[in-house]
Amino acid sequence: MSVFAEGVDRLNEFYLQSKEVVKTEKFTKFGLTDCGIINVARDVITDDLKLAHYLQKIGIDAINFNNSPLWMEGKWAIAPDLSYNMREIK
């Protein structure tokens, strides 16, 4: 089991109603899931390059782990409190 899977029960999760998310400006560009992420995100780790670039553009820390050399080299880690220390990764 991955480190992420082992600690997922300690992560904070947020819920937005779909009927509200579809009303957002970027819905047609990003779709339901990504718009939900955009609306609640503070720090994001994703494999979606388009979403990661947009989040970075609007000032949200985002990592596309498929393109992260640290991820590929196995140097990326979760801090003890399971919050992602993204500033050190960039």
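Exactly one of these conditions fails for V40: (1) under 17 Å from I60 (Cα atoms); (2) hydrophobic (A, V, I, L, M, F, W, C); (3) in contact with a Cys (Cβ under 7 Å, 6 or more places away or on another chain). Give me its number.
(3)
List the residue pairs whose Cβ atoms are under 6 Å apart, where the first residue sits in the stretch 1-20 and is closer than 12 Å to V40 by Cβ, the second is among the charged types (D, E, K, R) and surrounded by 10 or more Cβ atoms within 10 Å (Cβ to Cβ), and the two are 6 or more positions apart or on different chains.
Qualifying pairs under 6 Å: none.
State whether the residues of the stretch 36-56 include one that is touching a residue at least 40 places away in the same chain (Cβ under 8 Å), under 23 Å from F4 (Cα atoms) and not β-branched (V, I, T).
Scanning the stretch 36-56 turns up at least one residue that is touching a residue at least 40 places away in the same chain (Cβ under 8 Å), under 23 Å from F4 (Cα atoms) and not β-branched (V, I, T).
Could you grab me the full set of residues in the stretch 39-86 that are at pLDDT 80 or above and either of a type in the set (S, T, Y) or over 26 Å from E25 (Cβ atoms) (or both)?
T46, Y54
The values are calculated or read from the model by the stated rules, or taken from the named source; none is laboratory data. Note that the structure is a prediction, hence the values are computed from the model and not measured. Please note: Cβ atoms are built from the backbone with ideal geometry, for glycine as well, and neighbour counts cover all protein chains shown.
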